[in-house]
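Working notes for the structure below.
The values are calculated or read from the model by the stated rules, or taken from the named source; none is laboratory data. Bear in mind the structure is a predicted one, so any value in this text is a computation, not a measurement. Please note: Cβ atoms are built from the backbone with ideal geometry, for glycine as well, and neighbour counts cover all protein chains shown.
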Amino acid sequence: MSEYHAPLRDMQFVLNELGYLEQVLGLPGCSHLDVELVDAILSEAGKFAHGVLAPLNVSGDRQGARWLDGEVRTASGWREAYQRFTEGGWNALSCAPQFGGQGLPRVVSALVEEMWNAANLSFGLCPMLTRGAIEAIELRGSAYLKHTYLAKMISGQWTGTMNLTEPQAGSDLAAVRTRAEPAGDGTFRIKGQKIFITYGEHDLAENIVHLVLARTPGSPAGVKGISLFVVPKYLVEADGRLGARNDVRCTAIEHKLGIHASPTAVLAFGDGDGATGWLVGEEHRGLGYMFIMMNAARFSVGIEGVGLSERAYQRARSYARDRIQGSEIGASTRSDVAIIRHPDVRRMLLSMKARTEAMRALACEVAAAMDCAERHPSPAARLEWQALVELMIPVVKGWSTENAVDITSLGIQIHGGMGYIEETGAAQYLRDARITTLYEGTTGIQASDLIGRKIARDGGKAIATLGQQIQQVIEALTATDDAQLQANAGNLGKALIALNASVAFIVAQFPLQPARVAAGAVPFLELLGIVAGGWQMARSALVAHRQLKVGNADQGFYRGKLLTARFYADHWLPQAESLSRIVVQGADAVLEMPDQQF
């Protein structure tokens with residue numbers, strides 16, 4: 001069975017040669033970083049992922065989390081691994097230094113996060129949700145909440161959760177019924193039930209800090225009446241010590257297709273007098289505050305897709321190199337060969353590899369933009385970077401996770417029948433990947449957000465700016481003396497034309513026929529992902545071409561980059577034109593089909 005090894009050379013290529021690290025090094029708060037330090041961080045993270053987290057992945061999947069009388073026990077080895085994780089400072093990488101964090105830029109921490117997800121997604125979910133809760137409290141919490149919770153959450157001594165969904169509400173947060181009654185002392189009494197709460201109960205940390213959406217008395221109907229509250233598992237005394245158990249308990253954990261070692265809890269708030277909670281920010285603005293967590297989580301879920309894809313690719317590649325079966329097509333001998341010599345297996349491996357590299361580079365593009373949007377000294381520049389972040393987060397989340405489902409499925413296909421047997425390990429990645437397209441908003445929700453809030457609302461301005469950057473890369477490819485790069489430019493140019501046609505359709509028709517546009521929302525998200533991924537692969541090809549021309553010693557690596565980019569241009573970019581036709585012309589049957597004929 002293959003072992004996970006962090007793809008450090010590929011990560012260094014994205015950071016250093018595509019220029020994302022240089023882009024953030026000049027930002028305020030990043031002056032202490034350099035290439036050598038970042039390489040050391042990635043190397044140590046890779047060792048931790050390989051040596052501590054990856055060995056627990058299969059055993060955690062098979063054992064799962066266990067619920068008994070309101071308490072949850074994580075799988076064997078989980079507590080020890082979490083202790084080593086927090087002692088190593090990994091929980092605090094991208095958190096604010098004033099509360100004990102290390103202040104690393106998001107573009108670096110995103111690659112570390114990819115390693116956790118590739119090695120052990122079930123484990124990585126706990127610090128991911130904690131980080132989102134930290135961001136919400138840091139940005140909107142009172143001085144009391146920051147003082148009471150942030151340092152211990154950043155250290156990992158306490159963990160955090162996000163409590164949105166209720167049995168009757170699902171993704172429709174306007175239907176939230178959890179109540180928050182003022183207690184007269186500045187606190188509220190929270191009563192209600194939440195479901196699908198990742199790490200809502202566990203034995204890794206001494207306290208769990210729940211961020212809970214609820215309604216105060218007399219609040220408006222719909223999403224405008226929702227407020228956000230901090231509700232800890234244990235109340236915190238004035239001196240920072242833990243006090244009494246709060247009125248919140250875990251009534252069950254879900255039995256899931258995948259991520260078995262990650263407890264997904266059903267939480268009951270207020271079986272007695274009510275769980276004590278503290279308001280975050282202002283009343284009735286809770287959904288906006290929760291979107292701080294949600295957007296952070298959506299980006300991180302996209303990183304989950306990258307990590308799972310990388311791990312599935314590594315296992316499939318190892319199997320294809322070792323599995324001897326069949327003779328090579330066109331060879332002079334009939335001797336059996338490793339299946340990596342068979343053209344269709346090579347096509348599948350390249351499909352996995354090319355998309356994973358495209359997703360990683362695109363995620364780093366967005367992560368660096370997040371850093372610039374937060375840290376750049378110019379307010380105007382921060383707004384420009386934030387526009388790119390908001391445009392692309394639905395793509396990083398939706399496109400990367402949909403790809404992950406397909407890539408992990410291809411990993412099973414390369415194993416053949418053995419891939420369907422759990423003992424080979426290939427099936428777990430598909431089971432784990434399947435949730436990533438669902439939580440933090442399904443792909444359909446991401447796509448609706450993309451066409452409505454991110455494109456139609458601003459008349460396509462943000463995506464036009466992105467298109468200009470893609471056009472510059474097309475021109476750079478065309479200006480080279482390499483026929484294959486020029487061919488890549490042609491494919492990317494046609495894909496950009498298809499994207500622009502779809503954008504024009506959305507901008508013109510969304511105010512008039514929103515349902516017609518919505519019918520093609522998911523195909524459009526895929527279209528934008530493919531083109532944006534092609535942009536990143538084209539940039540990679542340009543770097544590799546330059547390095548080969550100057551005689552860089554790592555010839556094999558750069559030759560592989562060129563061929564991977566060529567595969568992407570030949571196999572994926574041509575799909576843009578058909579997807580554009582679906583977006584523009586494909587709504588009639590969707591909208592006209594009578595309900596009873598489904």
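Before moving on, here are some points about what is shown:
- Here D371, D322 are screened, and the one residue that is farther than 22 Å from L8 by Cα and outside the structural domain of D570 (by TED's automatic domain parsing) is D322.
- All of (1) at pLDDT 95 or above; (2) within 29 Å of the chain's Cα centre (by Cα) hold for K224 with one exception: (1).
- Among the residues of the range 418-444, those that are out of contact with any Ser or Thr (no Cβ under 7 Å at 6 or more places or on another chain) and of a type in the set (F, W, Y) comprise Y420, Y439.
- From the options T437, T480, T443, residue that is without any contact (Cβ under 8 Å) to a residue 40 or more places away in the chain and surrounded by 16 or more Cβ atoms within 10 Å (Cβ to Cβ): T437
- Qualifying residue in the range 272-294 (condition: outside any helix (DSSP H, G or I), closer than 29 Å to A426 by Cα, free of Cβ contacts under 8 Å to residues at least 60 places away in the same chain and not polar (S, T, N, Q)): no
- Hey, T465 more than 17 Å from K397 (Cα to Cα), without any contact (Cβ under 8 Å) to a residue 12 or more places away in the chain and among the hydroxyl-bearing types (S, T, Y) or not: no
- Evaluation of G520 against (1) of a type outside the set (S, T, N, Q); (2) farther than 30 Å from D10 by Cβ; (3) at pLDDT below 95 (one fails), failing number: (3)
- Failed condition for V301, given (1) out of contact with any Ser or Thr (no Cβ under 6 Å at 6 or more places or on another chain); (2) at pLDDT 95 or above; (3) within 30 Å of A427 (Cβ to Cβ): (1)
- Scan of the range 53-75 for residues that are under 22 Å from the mean Cα position of the chain (by Cα) and either free of Cβ contacts under 8 Å to residues at least 40 places away in the same chain or over 30 Å from R249 (Cβ atoms) (or both), ordered by number: A54, V58
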